[in-house]
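The values are calculated or read from the model by the stated rules, or taken from the named source; none is laboratory data. Because the structure is predicted, anything quoted here is derived from the model rather than measured. Heads up, the Cβs are rebuilt from the backbone with ideal geometry, glycines too, and the neighbour counts pull from every protein chain shown.
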Amino acid sequence: MLAGAFGAVLGLGGGVLLVPLLTLVFGLPINEAIGTSLVAIIATSTGAAGNYLRTGAAHLRLGVTLVLATAIGGACGGYFAVYFSHELLSFLFGLVLLYASANMLFRRRGGTETSVSGESIVPAAGEAVSSPRWAGAVGGSLFAGGISGLLGVGGGIVQVPIIYLILKAPLKVATATSAYMIGITALSGSLFYYFRGEVDPLYMAPTTVGVFLGATLGSWSAPRIRADLIRLVFIAVLLYSSLQMFLRSLEKALFR
Amino acid sequence: MSTRHPPIERIVGLVLQFGSLAAVFFLTLGFVLTLLQAEGFETAAGDISQASAGSLPLALIRLGAALLFLTPFSGVIVAGAVFISRGEYKFALLVGLLVVILVVGFLTAY
């Protein structure tokens, strides 16, 4: 439940907490933890995104524009994950979390408005996608999707900074729109794990239900939380998770 | 934004919420029956574990998972349909491409 609530507030899928939890506490092999996390992340996203869309916090057109790239990346990540060793997956997971936390901590802030006005951050008809900001956003979204499919996170740890810092959207719009995109991204990657038999139903069901309940509570409380607090909590969680996964990959390497 | 029609966001939001609720319901039901089956729970009316015997709990969990997969996909379909009805063909095209990607991904995974 905590993973779900946290994910909903920060526009993450909760995978940054779920994967370490399933591997470190419950002892699941990391590939099964990733698959289970991705399925549960769909619940997080739909639980929160439905509410964000209805209240106008999420920018649907922006989400639809970027989610093409994340869906392709997610499918590729899920497909090729089988070729990565568990130690490498743990190490990569730690690297991504460390990078995301540093990125949020040291970059200057993006937009300050609390709402998106019209189509101001979506390309006008005929505007070339090759403009630097949009190229960066699409490329980053592709990478976010790949990370999602490969490591079992929702992609929000990359996607939120993209929308917030590159596209200069308000942080709350970034987190809400990311929450919508995460479900589709996780779907594209989770299909490969599910049909490979790497999702245990007896772990998936309670994890998903708990995450969903937490996400519902989180999306209700998100408008009542300050953006600065969201950012600081986001950074703290990333750093903690990164350290845990580094230790995990080193432990396997040292005691082989 | 038209004042005659509900916003696209609200329609898609309702689809996502309804689908996710249905999925979670079946996942919860399936897992609860799994626990009951494991415990051999009995009631005055009879052995309830008989009702949860065999593959029923697992089937319910798989049904919940299937609904969970279908929910964001359905949201995409609905968004596309509404974009078309509103004449927003650029976004409808993006949604169409997304549907193709998801279908190809499913066929590749399966």
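Under the condition of being polar (S, T, N, Q) and not in a helix (DSSP H, G or I), which residue from region B:1-44 is modelled with the highest pLDDT? First the steps, then the outcome.
We begin by selecting, within region B:1-44, every residue polar (S, T, N, Q); these are B:2-3, B:17, B:20, B:28, B:34, B:37, B:43.
Going one step further and asking which of them are not in a helix (DSSP H, G or I), we end up with B:2-3, B:43.
Working: B:Ser2: 45, B:Thr3: 48, B:Thr43: 43.
Per the criteria, the residue is B:Thr3.
Selection over region A:207-234 of residues that are surrounded by fewer than 16 Cβ atoms within 10 Å (Cβ to Cβ), in contact with a helix residue (DSSP H, G or I) (Cβ under 8 Å, 6 or more places away or on another chain) and modelled with pLDDT of 75 or more gives a count of 1. In the condition set (1) more than 9 Å from every other protein chain (Cβ to nearest Cβ); (2) at pLDDT 85 or above, A:Ile121 is compliant with all but (2). If the condition is being buried (at least 20 other Cβ atoms within 10 Å of the Cβ) and within 7 Å of chain A (Cβ to nearest Cβ), then region B:9-22 contributes B:Glu9, B:Val12, B:Gly13, B:Leu16, B:Gln17, B:Gly19, B:Ser20. Looking only at residues that are modelled with pLDDT of 90 or more and more than 8 Å from chain A (Cβ to nearest Cβ) in region B:62-76, which one is nearest to B:Thr34 (Cα to Cα)? Restricting to residues being modelled with pLDDT of 90 or more and more than 8 Å from chain A (Cβ to nearest Cβ), the top hit is B:Leu63.
Based on this model, can you work out whether A:Ile42 counts as at pLDDT 80 or above and either surrounded by 17 or more Cβ atoms within 10 Å (Cβ to Cβ) or in contact with a Pro (Cβ under 9 Å, 6 or more places away or on another chain) (or both)? Quick ask: steps written out before the conclusion?
Details: at pLDDT 80 or above: yes; either surrounded by 17 or more Cβ atoms within 10 Å (Cβ to Cβ) or in contact with a Pro (Cβ under 9 Å, 6 or more places away or on another chain) (or both): yes.
Yes: the conditions hold for A:Ile42.
Here region B:77-110 is the region considered, the condition is being facing chain A (nearest Cβ under 7 Å) and of a type in the set (Gly, Ala, Ser), and the residue that is surrounded by the fewest Cβ atoms within 10 Å (Cβ to Cβ) is B:Ala109.
Would you confirm whether any residue within region A:152-170 is more than 10 Å from chain B (Cβ to nearest Cβ), surrounded by fewer than 24 Cβ atoms within 10 Å (Cβ to Cβ) and under 24 Å from B:Phe73 (Cα atoms)? No.
Conditions (1) modelled with pLDDT of 75 or more; (2) under 23 Å from A:Tyr240 (Cβ atoms), marked per residue:
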residue	(1), (2)
A:Leu38	yes, yes
A:Leu68	yes, no
A:Tyr79	yes, no
A:Phe91	yes, yes
A:Leu98	yes, yes
A:Met104	no, yes
A:Arg107	no, yes
A:Ala135	yes, no
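Residues of region A:148-165 that are more than 16 Å from A:Leu68 (Cβ to Cβ) and in a helix (DSSP H, G or I): A:Leu150, A:Leu151, A:Gly156, A:Ile157, A:Val160, A:Pro161, A:Tyr164, A:Leu165.
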